[in-house]
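Accompanying notes for the structure given below.
The values are calculated or read from the model by the stated rules, or taken from the named source; none is laboratory data. The structure displayed is predicted, hence computed values, not measured ones. No Cβ is skipped: glycine too gets one built from the backbone with ideal geometry, and neighbour counts run over all protein chains shown.
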Amino acid sequence: MKGDFSMKFAGATNALVYALRLILLCTLVLTMVGCSRMSESWKEEVRLSDGRLIVVKRTAKGTLTRDIAMRATGWIPRETTLRIGQVDGAAKPPVWRSHLIPVVMDYDPASSTWTVVATYLFCDTWYDMGRPVSPYVQYISVGGEAWRVVPLQPGLIGKRANLLTHIRPTGESGLVREQYKEMRWRSSSARFKAITSSWKTNC
């Protein structure tokens, strides 16, 4: 009888230990998933082609990538947004949002048109886009109307990037100024430095 009791007790103990380990593992996984979410917001100085310096509000949401030590090494975009405030003499557009990374933003007073040119960050996004010839997508908002996609205008080729493209996974604090973006611009790849007509991909 004592042997049977001991065996039953040992079995119950093993089952309890297994259940506790399973609960601990599930908790750890849920914690890691929760901690891997990225949601950042900041303000940024942007120089328009007419020389005006404006401030836009930006957000970036996605999933963090981590190394073996669980340190944040980068991020996979899920949504980025640009919110343009009231600019003198310019129609205010709605919030721009996409899963792409904006590179250039500008305004043409002659046609009351805001322009955003964006590109992908990872090969998977390029594949999902159907592997287009150009890595860029141009969006316009005319007279404050909704953003829409248009063919990339040839006149934009060579235009220098004026938006922060390499967003830190730990976030951007306060106001991102032109000088800071200039330092980050120097170490960027060609596709994020300016709108290029030719490009190479390792995808």
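Quick notes on this structure:
- Residue satisfying all of: in region 153-181; surrounded by fewer than 11 Cβ atoms within 10 Å (Cβ to Cβ) and closer than 26 Å to THR63 by Cα; nearest to the chain's Cα centre (by Cα) among these: SER173
- Of all residues in region 160-180, those satisfying the criterion of being touching a residue at least 60 places away in the same chain (Cβ under 8 Å), of a type in the set (A, V, I, L, M, F, W, C) and not in a strand (DSSP E or B) are LEU163, LEU164, ILE167.
- From MET183, MET105, residue being without any contact (Cβ under 8 Å) to a residue 24 or more places away in the chain, among the hydrophobic types (A, V, I, L, M, F, W, C) and within 15 Å of GLU44 (Cβ to Cβ): MET183
- Residue match in region 113-123 (condition: under 30 Å from ASP67 (Cα atoms) and touching a Phe, Trp or Tyr at 6+ places or on another chain (Cβ under 6 Å)): yes
- Note on region 171-203: among residues that are in contact with a strand residue (DSSP E or B) (Cβ under 8 Å, 6 or more places away or on another chain) and modelled with pLDDT under 90, the one that is farthest from TYR120 (Cα to Cα) is GLY174.
- Residue check for GLY85: loosely packed, with under 15 Cβ neighbours inside 10 Å, assigned by TED's automatic domain parsing to the domain that holds ILE140, of a type outside the set (A, V, I, L, M) and touching a strand residue (DSSP E or B) at 6+ places or on another chain (Cβ under 9 Å): yes
- Residues located in region 186-203, provided they are in contact (Cβ under 8 Å) with a residue 12 or more places away in the chain and in a helix (DSSP H, G or I): ARG191, PHE192, LYS193
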